[in-house]
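Inspection log for the structure reproduced underneath, given as structure tokens.
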Amino acid sequence: MKDILAQETPVWRHLEATARRILESYGYDEIRLPLLEATSLFERSIGDVTDIVEKEMYSFIDRNGDSLTLRPEGTAGCVRAGLEHGLLHNQVQRWWYAGAMFRHEKPQQGRYRQFHQIGAEAFGLAGPDIDAEMILLTARLWRELGIDAVRLELNSLGTPASRAAYRERLHAYFSAHRAALDADCQRRLERNPLRILDSKNPALAELIAAAPTMESTLDTDSRAHFQALQAMLAAAGVEFVLNPRLVRGLDYYTRTVFEWTTTALGAQGTVCAGGRYDGLVAQFGGRPTPAVGFAMGIERLISLLGQVGPGQGCDVYLIAVGDPAVLAALALAERLRTALPDLRLTTHCGGGGIKAQFKRADRSGAAIALVLGDDELGAGTVTAKFLRREAAQETLAQQHLEVQLPSLLARARG
Ligand code: ATP
Ligand code: MG
């Protein structure tokens, strides 16, 4: 689990603010859900024979003897909440969320045990137009963030019925190569052969590449849906590649699945992934409700942005020498914060002489140091000194400081 320190948060905030603005411009509303859910919610939705449920969940028994799990993803919770509050039946919902997810994975670049996602879910829309909307929305986000090293991969997993037929074909194919499979995949062979396609074992890459694809067993309606989606993306100028082996690591997907991937991050190349899950709401006891969603991995996107700079620091550093000046400085700082809400003003804390205080002012990143000593206190003034460029120091009346400070700051920054 990674600490996000002050020099990183400006990039995080930039990404989060951009995503929020775009999601809301498409009419998506934010929801905030608990980090803990009943373990069975994830077991039943994500699927027993998946990496997440088999080995990655943080589950524990609470004081009532209930098994709870720190959420490994956001979709199951959205479905649970939508049903619980009666928000899914005969309604269209467009939601987005942001927050921490937890998976007990082997920590490495781009793979953490607490990581963060921003995701969106739409309920009640069955057609390919909403699939296209979500993809356009994410494409816009990459454009606005200046990320161009990503490409879109698309596949269709069909309906549960066409998928069952595919499953048989896969089972036959991998059974013929049983000895070549690793222990994980041998287990998956009987319970969920689709999962073998999702294996990250490089020794199996060739075998997987030669496996039969979903294409041949895809039902007519799913095929039409998929073709319509492709036509919409083409019309909107979004490039994509078809990847018939894209199955995603969760069992609830039907029809459209997509991933935005990059080669710039090594093995952890998927920055955003999603798809349709038309069966999930009914599976949890709701009326059949079509749904589609995606989630993006914030840490991986941040690595792509890659511009970790110094912390923002402050604009003005207020130095006070002597006890009476410290008291006056406190009051002056409060007055300035009220008058100039956007000003980043740091008051020196911890006492010390003027030289030591100037040193701190310098390290704070401030453009201006304001000094209050006995002389200034007596005269009702402050002394202003530019910290980032040569200029004579200036004496300003305390009384009008909030009026003069903005232009002073502009000059101090050149
Ligand atoms: P992967 O194939 O990389 O394991 P996944 O299929 O398990 O990904 P999803 O469950 O679809 O991933 O999650 C969506 C996105 O969240 C991923 O594309 C990735 O960007 C991010 N993500 C998933 N797991 C992690 C993790 N452990 N650490 C950081 N980001 C992650
Ligand atoms: Mg994974």
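Structure values in brief
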quantity	calculated
Ordering of 316-324, 372-380 by packing [mean C-beta count within 10 Å, highest first]	316-324, 372-380
Proximal lysines to residue 200, defined as alpha-carbon separation beneath 20 angstrom and excluding residues fewer than eight positions away on the same chain	55, 106
Coarse-grained scattering of region 135-206 at q = 0.13 Å⁻¹, given as base-10 log I(q)/I(0) from a Debye sum over alpha-carbon atoms	-0.56
Estimated dipole of the chain in Debye, rounded to 20 [Cβ of Lys and Arg +1, of Asp and Glu -1, Cα centre]	520 debye
Cα-based reach from residue 385 at 30 Å (exclusive), listing lysines while leaving out same-chain residues under 8 positions away	355, 359
Cα Rg over Rh - region 316-408, Kirkwood	0.91
About the Cα centre, charge dipole magnitude for region 316-408 (Lys/Arg +1, Asp/Glu -1 at Cβ), debye	420 debye
Portion, in percent, of the accessible area of region 316-408 that falls on carbon or sulfur, probe 1.4 Å	54 percent
Projected area, mean over directions - the chain, Cα convex hull, nm²	26.5 nm²
Residue-averaged 222 nm ellipticity for the chain, from DSSP H runs of 4+ at -39500 (n - 2.57), nearest 500	-11500 deg cm²/dmol
Whole-number accessible area per residue in Å² for the chain, which is evaluated in the context of all protein chains at 1.4 Å	48 Å²
Packing rank of 281-291, 295-305, 92-102, 69-79, where each peptide gets the mean count of other beta carbons within 10 Å, highest leading	69-79, 295-305, 92-102, 281-291
FRET efficiency, residue 264 to residue 334 (Cβ-Cβ, R0 56 Å, nearest 0.05)	0.75
³J(HN,Hα) computed for each position of region 268-281 - Karplus, 6.51 cos²θ - 1.76 cosθ + 1.60, integer Hz, glycine/proline x	8, x, 8, 9, 7, 8, x, x, 8, 9, 5, x, 5, 4
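The values are calculated or read from the model by the stated rules, or taken from the named source; none is laboratory data. Please read these numbers as outputs of a predicted model, since none were measured by experiment. Glycine gets a Cβ as well: all are built from the backbone with ideal geometry, and neighbour counts include every protein chain shown. In case anyone asks, the SASA skips ligands and DNA or RNA and just uses the protein heavy atoms, side chains included. Shrake-Rupley method; radii C 1.70, N 1.55, O 1.52, S 1.80 Å.
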